[in-house]
Amino acid sequence: MTYRFRDLLALEPLTADELRFLLDQSKPFQEIQKHPLKKLATLRGKTVALAFFENSTRTRISFGTAASRLGADAMNLQAEASSIKKGETLLDTAFNLNAMKPDCFVMRHSASGAADYVARHLDIPVVNAGDGTHEHPSQGLLDALTIRDRLGTIENLNVTILGDILHSRVARSNIHLLGKFGCKFTLCGPAMWVPRELEKIAPGVPIRCVYKMKEALEDAHVILMLRVQTERLNDPPLSANDYVLLYQLNAERLRGANRDAIVLHPGPINRGIEITPDVADGPQSCVLEQVTNGVAVRMAILYLVIAGATESGTHPALEAKPKESANATD
Amino acid sequence: MLLIKNGRVIDPASKTDAAMDLLLDGEKIQEVAAAGKIGAGAGAEILDAKGLMVAPGFIDLHAHLREPGQESSETMETGTHAAARGGFTAVCCMPNTKPINDNASVTRFILDRARATGSVRVWPIGAASVGSKGEAISEIAGMKEAGIVAVSDDGKPIATAKLARQVLDYCRSLDLPVIEHAEDVSLAAGAVMREGVTSTKLGLRGMPAAAEAVCVARDVQLAELTGARLHIAHLSAKASLEQVHSAKSRGLRVTCEVTPHHFTLIDEDVTYDSRFKMNPPLASREDRIALLEGLADGTVDAIATDHAPHEPALKEVEFDRAPFGILGFETALALALQQLVHSGKTSLMRMVELFTMGPARVLGIERKIAAGQPADLTIFSTDRAWTYSVEESPSKSRNSPFDGRKFKGGPAATIVAGRIVHKG
């Protein structure tokens, strides 16, 4: 079986087999993260454009690290310093970066569908690093990898997502991935952020919206927290105190979930708002594993869209242990 | 002299559906008679309409011609050329030009440009408020004298209920219809499509159907209070239609129009392609069914295009950043045939009414085929197979979601004041 990923724009159109393949391909890259020398020569001579039209620290550094550990070079565009401030259109910026001949275009943008739009006009692979409130595919993959590591499976789990789900690309990518493996979803948060329409965004996937934390956590295997975007607290005007009262994940509430339930958070965490420090730092929390796994998943993504791979082929991380010579890319 | 022979005349005003010939003498229809009864006089041009329908000239109540001020998207010349190709003989142009058509000088400029460069009749709509800002009433009487046929702050509703009431009152005394773009702007703020499962899935901000219906409710109440003529533009929601229906049954002078895109497409058709972005946005499956029923049962008075050209540099951007609106002239009739007539939803007669007598009544004028009437005619086919290619459009813009769509039937010839302005 050969899987071709021209772009990675969303998880929604991918099949369970394709998603499993992506996760499996990430596995050997996870091992690389533990190695004292982490750099491979797999993509030596290749260039990855990191075009972040919306501010991001974690995801940009994670993709940059992934590119570098594969031996590729990265070129960086940051919204603050770029000509989009001077009125250049998204497409013109993309064409200009493309003219410097990168092999892949990783982009984040505040408009939903922006990666899809750019991909229609570029002849190189486009990887969506988050588009508006639509999808964040690499986050969905790293979450699934983290869950699989901790619980041994991503099949038939009860997944509870808490927070501003309407505006969350992370929630959508998780639903579209885990939903293909028989997971059931309970979405919970203030009603304005958890509209009933969410129950129908992935046909065939059981999704229910509830508004009481106790009900949401019952029997949960996975609790996926979302960052409460403080700017969102103004639209609608909602008091942070009220949010804490109703939806903050604390130790007592967590006891209402499955005993072995794990807690994920895409970061950055607002300690004391959506989650208490003892839970964020507790044994059930996977927050830092998520970050580590993020690099592995992004290595797999870059490797697959740039070099391509077959299921029977040798994985680059197994083929050659990193060694001194492969480390010298310059 | 122009003799149109062998056609099938369809005239809702006189309920005529018969094989008839027409003789046009300059700007007027001179004679209408059974097929073969009019002899072609010496020097008369003959237009053979064999196999074609001959209807009164189509009127579009709602279009944006962009001149003055946005000539890179459309001009009077290119817009009316596209209108002629679409079978329209008269086009009402909205006042949101640059400058806004809120005084007689701008109205006269538009009419002068239309006379100098236009292919079809242009009937300007004046702004209801100065600069369409919703603060002070514009010089409506002056604009009426210059030639406007209605007022509207299109692009948005008249800002406050108080001003809307005053405009309605004033326009009742001037006998002008007030055309409302019904939208509660606070409910619609930031939205780029209709709120629903599709907007939720795509992560695009949605406006609920209530954004329109809330404003329709306000305006219907004010129409009742004032007794004025209220026309709801590009109505898209079932809830709005029910209010228009109720207003009509109470005897209020409330009318409405529906666009071809709203009776053809729904929110589920929306992709990140900005050619699917318009305001009001594509509505729900249920709304479309209700619109089709309203078009058939008479609740809807007119089909209007909301032709809204935007040059590629403006429209071909991220969905969130793209302006609202699509081209409409050249696909309106073909979509109506496809969605209303060929599908069996309405008769051909009713469809013609929605393009002719219906909009004429909204404007308070007549539109029929009879001796002495203006020689404005729309001749069309109901069976010719063709494919719409936006590249061939005379419009300066390319923003149509219907590019490449296959049709059965469409405009064949457009006659304005006895002159053939389009022949396809």
Condition first: more than 26 Å from B:Val341 (Cβ to Cβ) and touching a residue at least 40 places away in the same chain (Cβ under 8 Å). Now tell me which residues in region B:1-42 satisfy that. B:Met1, B:Leu2, B:Leu3, B:Leu24, B:Asp25, B:Gly26, B:Glu27, B:Lys28, B:Gln30, B:Glu31, B:Gly41
For a quick check of your reading of the model, give me the residue pairs whose first member lies in region B:153-182 and is over 18 Å from B:Asp301 (Cα atoms), whose second is among the hydroxyl-bearing types (Ser, Thr, Tyr), with beta-carbon atoms closer than 6 Å and at least 6 apart or on different chains. B:Asp153/B:Ser129; B:Asp153/B:Ser132; B:Leu168/B:Thr226; B:Asp169/B:Thr226; B:Arg172/B:Thr226
Could you check region A:1-24 and list, in sequence order, the residues that are within 18 Å of the chain's Cα centre (by Cα) and more than 22 Å from A:Gly182 (Cβ to Cβ)? A:Phe5, A:Asp7, A:Leu8, A:Leu9
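Going by what's in this entry, would B:Asp184 be described as touching a Leu at 6+ places or on another chain (Cβ under 6 Å), in the same structural domain as B:Ala283 (by TED's automatic domain parsing) and buried (at least 18 other Cβ atoms within 10 Å of the Cβ)?
Taking the combined requirement at face value, the residue does not satisfy it.
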So B:Ile46, is it outside the structural domain of B:Ala127 (by TED's automatic domain parsing), in a strand (DSSP E or B), among the β-branched types (Val, Ile, Thr) and under 20 Å from B:Phe355 (Cβ atoms): no
Tally, over region A:89-120, of residues that are β-branched (Val, Ile, Thr) and away from chain B (no Cβ under 14 Å): 1
With (1) of a type in the set (Val, Ile, Thr); (2) part of a loop (DSSP other than H, G, I, E, B); (3) more than 19 Å from the chain's Cα centre (by Cα) as the list, and B:Thr382 as the residue in question, which single condition is left unmet? (2)
Please state which of the following conditions A:Ala67 fails to meet, knowing it meets all the rest: (1) under 24 Å from A:Leu141 (Cβ atoms); (2) within 14 Å of another protein chain (Cβ to nearest Cβ); (3) assigned to a helix (DSSP H, G or I); (4) among the aliphatic types (A, V, I, L, M). (2)
Only one of (1) within 16 Å of A:Ala16 (Cβ to Cβ); (2) surrounded by fewer than 23 Cβ atoms within 10 Å (Cβ to Cβ); (3) over 17 Å from the mean Cα position of the chain (by Cα) does not apply to A:Glu199, and that is (1)
Over region A:155-180, the set of residues in contact with a strand residue (DSSP E or B) (Cβ under 9 Å, 6 or more places away or on another chain) and without any contact (Cβ under 8 Å) to a residue 60 or more places away in the chain is A:Asn156, A:Ser168, A:Arg169, A:Ala171, A:Asn174, A:Ile175, A:Leu178, A:Gly179
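The values are calculated or read from the model by the stated rules, or taken from the named source; none is laboratory data. No experiment lies behind these values; they were computed from the predicted model shown. Here Cβ is always computed from backbone atoms with ideal geometry, including for glycine, and neighbour counts include all displayed protein chains.
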